[in-house]
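Here is the structure we will look at.
The values are calculated or read from the model by the stated rules, or taken from the named source; none is laboratory data. The shown structure was predicted, so the numbers you read here are calculated from the model rather than taken from an experiment. We place every Cβ from the backbone using ideal geometry, glycine too, and count neighbours over all the protein chains shown.
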């Protein structure tokens with residue numbers, strides 16, 4: 001049996017991770033969780049799974065929960081609580097499913113503690129990929145990708161040699177606005193942006209999918225996870241989200257991983273690797289689908305994807321700025337303070353205003369992240 005620590009238990013990936021644990025109680029035990037402000041859901045998780053450690057965002061919520069559950073459940077809060085969840089002594093695997101760069105420091109601490117890490121938190125690698133991968137190599141830590149695209153690449157690589165890779169091909173559904181021109185994006189609502197055609201995801205990730213920043217972050221993440229230059233990472237639009245990504249090898253062979261759009265599949269694979277377990281989900285029937293469609297990505301249409309490639313190639317602190325500006329801008333859009341296209345505008349302004357620092361340390365990354373968010377907020 002594997003003991004699981006889960007950061008971000010009430011988010012989209014966290015909830016689906018709980019589904020996997022629930023389906024295989026003989027294989028997995030939930031040892032520690034972190035949640036943000038959704039205390040009602042935290043109560044339900046504690047009552048069902050009886051974790052040893054729970055961390056919440058606010059001190060007052062921690063005090064409330066302490067009064068409701070026995071002392072056998074340790075309840076902490078803030079960044080200290082996140083780190084304790086990430087490094088819990090009984091945990092075999094940490095699932096990092098938190099949203100945003102808040103997942104960076106706990107992940108570094110988990111690497112130091114020798115934990116196997118199933119990583120669904122793109123921002124950790126986007127913000128500080130050089131630090132995370134250097135630490136992982138130094139400790140011999142395994143990073144298992146949970147994103148469907150990176151899981152697909154990881155699965156297709158089993159039994160293959162990375163030196164034979166010619167390029168990675170990451171697929172993109174196109175998001176909520178894939179059939180709209182830039183002119184038609186003017187004035188779109190938050191409700192429209194959150195209406196994803198294929199996947200059920202959290203609000204922030206769904207907006208990122210609509211702007212194509214989500215795919216840009218995945219390109220940067222793939223660069224770090226698989227040690228592949230940006231010029232060897234392509235993105236293609238694939239409406240059906242059946243082929244989750246592909247690898248082209250230098251002998252011209254192409255390996256792809258296919259499946260229905262269900263995040264429980266890559267989550268479960270990360271938890272069971274190198275084995276697989278039975279799942280009760282819907283099976284893929286290509287005769288039912290009939291056709292699969294692919295289109296080249298227009299970087300003039302999807303400018304956030306172009307920003308990500310540019311920031312990744314420049315490297316250093318530029319990807320930290322990219323992520324922080326995007327997080328701040330998306331939050332403002334979700335709160336109806338800026339328009340959808342303003343997200344691109346604010347990100348571009350932040351990137352243009354930044355003087356890149358190569359190989360920034362953790363303290364510098366935190367400071368650049370903070371300054372970028374303040375800068376973007378000041379434009380409002």
| Only one of 322, 375 that is over 22 Å from the mean Cα position of the chain (by Cα), assigned to a helix (DSSP H, G or I) and not assigned by TED's automatic domain parsing to the domain that holds residue 211 | 375
| Odd one out for residue 299, checked against (1) touching a helix residue (DSSP H, G or I) at 6+ places or on another chain (Cβ under 8 Å); (2) touching a residue at least 12 places away in the same chain (Cβ under 8 Å) | (2)
| query | When the residues of the range 164-211 are filtered to those that are out of contact with any helix residue (DSSP H, G or I) (no Cβ under 9 Å at 6 or more places or on another chain) and free of Cβ contacts under 8 Å to residues at least 24 places away in the same chain, which remaining residue is nearest to residue 336 (Cα to Cα)? | reply | 191
| query | Just one of 343, 338 is closer than 25 Å to residue 203 by Cβ, in a loop (DSSP other than H, G, I, E, B) and not assigned by TED's automatic domain parsing to the domain that holds residue 133; which is it? | reply | 338
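Here is a yes/no grid of residues against (1) assigned by TED's automatic domain parsing to the domain that holds residue 166; (2) more than 15 Å from residue 145 (Cβ to Cβ); (3) in contact with a strand residue (DSSP E or B) (Cβ under 8 Å, 6 or more places away or on another chain); (4) surrounded by fewer than 16 Cβ atoms within 10 Å (Cβ to Cβ):
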| site | (1), (2), (3), (4) |
| --- | --- |
| 187 | yes, yes, no, yes |
| 192 | yes, yes, no, yes |
| 211 | yes, yes, no, no |
| 233 | yes, no, yes, no |
| 247 | yes, no, yes, no |
| 267 | no, no, yes, no |
| 275 | no, yes, no, yes |
| 285 | yes, yes, no, yes |
| note | Considering only helices (runs of 4 or more DSSP H) wholly within the range 1-76, the ones with at least 2 residues that are surrounded by 18 or more Cβ atoms within 10 Å (Cβ to Cβ) and in contact (Cβ under 8 Å) with a residue 60 or more places away in the chain are 12-23
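Listed here are the residues, each with its yes/no results for (1) closer than 23 Å to residue 151 by Cβ; (2) touching a strand residue (DSSP E or B) at 6+ places or on another chain (Cβ under 7 Å).
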{"site": "4", "(1), (2)": "yes, yes"}
{"site": "16", "(1), (2)": "yes, no"}
{"site": "22", "(1), (2)": "yes, no"}
{"site": "43", "(1), (2)": "no, no"}
{"site": "52", "(1), (2)": "no, yes"}
{"site": "70", "(1), (2)": "no, no"}
{"site": "73", "(1), (2)": "no, yes"}
{"site": "83", "(1), (2)": "no, no"}
{"site": "89", "(1), (2)": "no, no"}
| Lone unmet requirement of (1) touching a residue at least 24 places away in the same chain (Cβ under 8 Å); (2) surrounded by 14 or more Cβ atoms within 10 Å (Cβ to Cβ) for residue 262 | (1)
| field | Members of the range 89-127 found to be over 18 Å from the mean Cα position of the chain (by Cα) and crowded, with 24+ Cβ neighbours inside 10 Å, listed by number | value | 91
| field | Candidates 350, 328 - the one that is within 17 Å of residue 205 (Cα to Cα) and either without any contact (Cβ under 8 Å) to a residue 24 or more places away in the chain or not assigned by TED's automatic domain parsing to the domain that holds residue 231 (or both) | value | 328
| Within the range 77-91, how many residues turn out to be without any contact (Cβ under 8 Å) to a residue 60 or more places away in the chain and part of a helix (DSSP H, G or I)? | 6
| said: Give me the residue from the range 111-137 that is part of a helix (DSSP H, G or I) and without any contact (Cβ under 8 Å) to a residue 60 or more places away in the chain and, out of that set, farthest from residue 151 (Cα to Cα). | reply: 112
| Quick check, is residue 161 surrounded by fewer than 19 Cβ atoms within 10 Å (Cβ to Cβ), over 20 Å from residue 239 (Cβ atoms), in the same structural domain as residue 230 (by TED's automatic domain parsing) and free of Cβ contacts under 8 Å to residues at least 40 places away in the same chain? | yes
| task | Any chance you could count how many residues in the range 293-319 are surrounded by fewer than 13 Cβ atoms within 10 Å (Cβ to Cβ) and in a loop (DSSP other than H, G, I, E, B)? | result | 3
